[in-house]
Amino acid sequence: MPAHSQLLADLRCSLAEARQRSGRSAIGQVTFGLPALDEPLGGGITRAALHEVYAAGTVDLAAATGFSVGLAIRAAQTRPILWVRQDFIDAETGRLHPPGLVELGFDPSRILLVRARDAQGVLRAGAEAARCAALGAVLIEPWGEPRQLDLTASRRLALAAEASGVMTVLLRASSRRDASAARTRWRVSALPSQALESNAPGNPAFSLRLLRHRGGLAEREWRVEWDRDRQSFQEPSAFQEQSVFPARAASTETFPDAAPLSRSVVSFPADRPAAAGAQDSGLRQAG
């Protein structure tokens with residue numbers, strides 16, 4: 001059996017199992033949990049739609065991934081998330097790291113991971129998944145700027161998402177603005193985290209730029225953090241501190257922003273065993 005046919009056969013089995021465990025996804029909007037973001041967008045972004053997330057550069061792919069996972073968490077609620085990745089991404093940026101997903105407040109066992117050899121396989125599997133109403137969200141991650149990802153391919157994904165009611169996110173490590181049927185398009189870059197109490201590592205921070213909104217909203221930019229406990233986006237910690245301690249008219253005292261973390265962060269190779277307690281949070285793979 002050809003590789004693509006086997007991949008789709010395995011994927012259909014996984015989707016059938018998901019249908020047995022879940023009902024139809026709720027139709028409506030996915031909120032960010034942050035009024036400064038939700039209000040200009042009319043309450044959030046459409047659930048039954050295709051959305052594109054671009055990394056501002058290769059070094060920002062981790063930030064774009066974290067933002068996409070945050071959106072998927074808020075959309076999925078208790079339903080599984082299906083993630084389609086091109087194999088080449090593992091070699092370039094590393095495999096998905098379950099303990100890292102746990103740090104975002106997400107249970108890795110809820111992810112159905114599909115790995116495809118090329119962009120064509122990624123798009124076929126992504127379109128198949130986007131039709132499954134039992135899923136909470138679908139993340140589609142091809143590498144680079146594949147020629148197969150044209151306007152027709154994006155329309156196919158958008159129509160599948162609209163029919164099933166499942167939010168579908170196309171995650172791209174690319175700077176091109178190709179024609180697309182996506183409802184919204186975002187460019188994401190990393191920001192320094194603000195240290196927490198006792199200089200503990202801060203929340204993941206992102207610079208978000210809305211590049212396109214089919215509702216007519218003009219380009220604009222936000223700075224946000226992800227709060228794993230609330231599973232919500234929020235204003236950066238420095239802004240929150242300023243709101244808690246407003247400046248007094250009779251005083252020249254200021255409250256400078258907390259300094260970003262200066263310590264190096266050790267990377268964790270994906271081929272090594274997870275730390276004790278995280279070994280049981282493995283990703284389920286289809287294909």
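In nanometres, what is the gap between the two model label sites at residue 218 and residue 87, each 7 Å from Cα along Cα-to-Cβ?
4.8 nm
For a quick protection proxy, order the peptides 193-202, 108-117 by their average other-Cβ count within 10 Å, most packed first.
Details: 193-202: 13.0, 108-117: 21.1.
Those peptides, ordered most packed to least, come out 108-117, 193-202.
If all Cα-Cα distances of the stretch 65-220 are sorted into 5 Å bins from 0 onward, what percent lands in each bin, rounded to whole numbers?
Each 5 Å bin holds this share of Cα pairs: 2, 9, 17, 21, 22, 17, 8, 3, 2, 1, 0.
Where a number appears in this text, it was derived from the coordinates with a stated rule and is not lab data. Note that this is a predicted model, so its numbers are computed, not measured. Methodologically, a virtual Cβ is constructed for each residue, glycine included, from the backbone with ideal geometry; neighbour enumeration extends over all protein chains shown.
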